[in-house]
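Asker: I'd like to ask you about the structure that follows.
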Amino acid sequence: MPGDEVAGTGAVPAGAPPGERTPTERPLRLSPKVLLTDPIRMLPSLLLPLAGVLFLGGFSPGSFVWAAMAVVGSVAFAAVRWVTFTYQIVGDRLELTRSLISRSVRTIPLERIRGVDISAPPLHRLLGIAVLRIDTGAGGADKQEGELDGVTVEEGERLKAVLLWHARARTARRVQARGAASVAGAASTADSGSDELASGVPTRVREEAAGSSTRHEVGDTTPERVFFVMPRKWLAYGPLSGAYLLTPFALVAGAVGLAFQWGSEFRIDRRVVLGAGEWIWEHPPLLIAALVLLVLAMPVIAVIMYAVFNWDFTLRASEGYLIAGRGLVTRRSVSLERRRVRGFEFVEGPAERRAGVGRAWAIVTGLGDSETRGQLMPVAPRDVVLDVVGEAIGPIATGLRPHPPAARRRRLFRAIFPWLVIAACTVPAALLWSGFWWALAAPALFLALLGVPLGLDRYRSLGHTYDGSRLSVRSGSLRRSQAVVERRAVVGWTLSQTWFQRRAGLLTVTAGVGAGTGGYAAIDVGEAEGPAFAAEVTPRWLTPFLIPDIQDIPGIPDASGTRETPTSGGSLPL
């Protein structure tokens, strides 16, 4: 087929059967520079044994000889791993081969490749090499995906382009053939009724196949488009993210944990660590000063951490993929196949909402570790995030439908009642027995009062809608999340009720999605509104199971797909 040849990779016969081993390129090895990076990477595991050898040997010449032999052994082990490992594109698959005493071959079909990530840790960047990871949609488990740790930067970019091109080309041919067969089947049975039922393939699948064959034609190239490049001044948004803001306390907790875990190895008695903690506790001015320093360090360290992870964040589109690059110390580039993007999730925290900022992730089928690898935008102004995501994927759904007043009562009850129970138990104890109980009663009363605005905000955050092509659900307060999902991504529905929801006349409707977290829920909707929402999105699935008069509820189409004027209410038996 014309255009089936990629520079440097050879040709792939268009009619080659799937099982035929057609070498597309010769077997290749990683960069020899891994002989330096692998031993250094093994140093943390060798540090304690080497320190033990030196201590037990009294730092004698013999102990240094044993330590040197261990280092030489690690280098030899890295050399053996480098010599015995090769990778090669063979026909329609990538083969990773390791052979020493026994031979192991890991095969990755090219059509299953969802994306290719390239990252460069500090030492790798210094040596001009990178880590290439192949995402096959296997849930992110390393044993089920491919990783090439130690290719040159040029080889990584070349291999990334080759793998994504082959994956796109083969998928396009397969989808095009399936679409052509479906259309032919529909044409041959056009006189017998519905073309969708006759062809055996839903209309939207045929439309998707036709669109895919157009957008992903073999040999087709599209110009690169840059959606967003983060300005340096936006690093100031780092303190608005709670994860970055609490970094100083996390570092202190990690240091204390290391002191307890490795203290004995360095002859530091745990009693010394506990004694130091008790001494600081007995000197309140020092404790207060340490806390003040940590609090003052929070915004500074938050900016630093935000820069480390999101430096020069860039979102662009190229050859049917969304490519996000970021990182200061470790530079990372993540490719998401646009054909598999099913929507996005927009997230805001309390401080972020007040400052008018937010962040977004893509909802992608078959993507492991979507919280990291699916990031579309870091913390940035809300309008900019929505504009960029709107260009790359689609606009956010507006005009969310409010939930019943019973949902507000549930939000208030859950935010206030637990703390009132604690206060009701501790206040009498403080009045009758000991003032010590005020240490629990006072915070409980404060949190109960704080629960009023929190519960109201949680209720205001609830909402759901459907605009004819995409559904959207929103919930949360401390982490308010709005998910926008395409209708074609919905694979099922779950309608659930707790005992308290049944008494309040509410239920939770969860749209099962073969992407992202697997399901997105509209919480505490009315008993009639919940089935109506599900039937509005997928009428052919639910309408046959509804009792006759529920089809008159606003938003529910009849069996023909048209909406009727509401005349009466009803409910869906659960």
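Asker: Tell me, which strands (runs of 3 or more DSSP E) lie completely within segment 439-530 with 3 or more residues that are without any contact (Cβ under 8 Å) to a residue 40 or more places away in the chain?
Answerer: Here the list reads 490-496, 506-513.
Asker: Among the residues of segment 279-312, which ones are loosely packed, with under 11 Cβ neighbours inside 10 Å and either of a type in the set (D, E, K, R) or under 20 Å from residue 229 (Cα atoms) (or both)?
Answerer: The answer is 282, and nothing else.
Asker: Given the residues 254, 242, 238, 263, which is the only one that is modelled with pLDDT of 75 or more and open to solvent by less than 80 Å² (accessible area, probe 1.4 Å)?
Answerer: Every option except 238 fails the conditions.
Asker: Within segment 68-80, can you find the residues that are modelled with pLDDT under 85 and open to solvent by 30 Å² or more (accessible area, probe 1.4 Å)? Spell out how you get there, then give the answer.
Answerer: Start the filter on segment 68-80 by keeping residues that are modelled with pLDDT under 85, which leaves 68-78.
The answer is 68, 69, 70, 71, 72, 73, 75, 76, 77.
Asker: Tell me the residue from 394, 463, 390 that is touching a Pro at 6+ places or on another chain (Cβ under 7 Å) and among the small types (Gly, Ala, Ser), please.
Answerer: Values: 394 fails: touching a Pro at 6+ places or on another chain (Cβ under 7 Å); 390 fails: touching a Pro at 6+ places or on another chain (Cβ under 7 Å).
The match here is 463.
Asker: Further question: As an exercise: evaluate residue 408 against (1) within 23 Å of residue 231 (Cα to Cα); (2) surrounded by fewer than 19 Cβ atoms within 10 Å (Cβ to Cβ); (3) touching a residue at least 24 places away in the same chain (Cβ under 8 Å) and give the number of the one condition it does not meet.
Answerer: It is condition (1) that residue 408 fails.
Asker: Let me ask another. Report, by residue number, each residue of segment 453-479 that is open to solvent by less than 60 Å² (accessible area, probe 1.4 Å) and closer than 19 Å to residue 421 by Cα.
Answerer: Hits for segment 453-479 are 454, 455.
Asker: I've got another one for you. Residues of segment 410-438 being of a type outside the set (A, V, I, L, M, F, W, C) and part of a helix (DSSP H, G or I), which ones?
Answerer: Selection gives 410, 411, 414, 418, 426, 428, 435.
Asker: Are there any pairs, at least 6 apart or on different chains, whose C-beta atoms fall under 8 Å, with the first in segment 111-125 and among the basic types (Lys, Arg) and the second assigned to a helix (DSSP H, G or I), and if so, which?
Answerer: 112/167; 114/340
Asker: Next question. Which condition number in (1) surrounded by fewer than 18 Cβ atoms within 10 Å (Cβ to Cβ); (2) more than 30 Å from residue 237 (Cα to Cα); (3) free of Cβ contacts under 8 Å to residues at least 60 places away in the same chain is the one that residue 423 fails?
Answerer: Exception for residue 423: condition (1).
Asker: Follow-up question, since we're still on this one. Please list, ordered by first then second residue, the pairs with beta carbon atoms under 8 Å, 6 or more apart or interchain, first in segment 306-319 and touching a residue at least 60 places away in the same chain (Cβ under 8 Å), second among the polar types (S, T, N, Q).
Answerer: Note: pairs meeting the criteria are 306/241; 317/222; 318/222; 319/221; 319/222.
Asker: Got a sec? Which strands (runs of 3 or more DSSP E) wholly within segment 313-376 have at least 1 residues that are out of contact with any His (no Cβ under 6 Å at 6 or more places or on another chain) and open to solvent by 50 Å² or more (accessible area, probe 1.4 Å)?
Answerer: 314-318, 331-337
Asker: Looking only at residues that are modelled with pLDDT of 90 or more and crowded, with 20+ Cβ neighbours inside 10 Å in segment 514-525, which one is nearest to the chain's Cα centre (by Cα)?
Answerer: 520
Asker: Which members of segment 385-405 meet the condition of being in contact (Cβ under 8 Å) with a residue 40 or more places away in the chain, crowded, with 17+ Cβ neighbours inside 10 Å and part of a helix (DSSP H, G or I)?
Answerer: 386, 388, 389, 392 - these are the residues of segment 385-405 that are in contact (Cβ under 8 Å) with a residue 40 or more places away in the chain, crowded, with 17+ Cβ neighbours inside 10 Å and part of a helix (DSSP H, G or I).
Asker: Please verify whether segment 118-133 includes one or more residues that are in contact with a helix residue (DSSP H, G or I) (Cβ under 9 Å, 6 or more places away or on another chain), among the charged types (D, E, K, R), more than 27 Å from residue 33 (Cβ to Cβ) and at pLDDT 75 or above.
Answerer: For segment 118-133, residues in contact with a helix residue (DSSP H, G or I) (Cβ under 9 Å, 6 or more places away or on another chain), among the charged types (D, E, K, R), more than 27 Å from residue 33 (Cβ to Cβ) and at pLDDT 75 or above: absent.
Asker: Determine whether residue 361 is among the aromatic types (Phe, Trp, Tyr), at negative phi, out of contact with any strand residue (DSSP E or B) (no Cβ under 7 Å at 6 or more places or on another chain) and modelled with pLDDT of 90 or more.
Answerer: no
Asker: Are there any pairs with C-beta distances below 7 angstrom linking a residue in segment 275-289 that is in a helix (DSSP H, G or I) to a residue that is open to solvent by 100 Å² or more (accessible area, probe 1.4 Å), with the two at least 6 apart or on different chains, and if so which?
Answerer: 287/281
The values are calculated or read from the model by the stated rules, or taken from the named source; none is laboratory data. Since the structure is predicted, the reported quantities are computational estimates derived from the model, not experimental observations. In this analysis, Cβ positions are derived from the backbone assuming ideal geometry, glycine residues included, and neighbour counts consider all displayed protein chains. Surface areas here come from the heavy atoms of the whole protein model, side chains and all, with no ligands, DNA or RNA. Shrake-Rupley method; radii C 1.70, N 1.55, O 1.52, S 1.80 Å.
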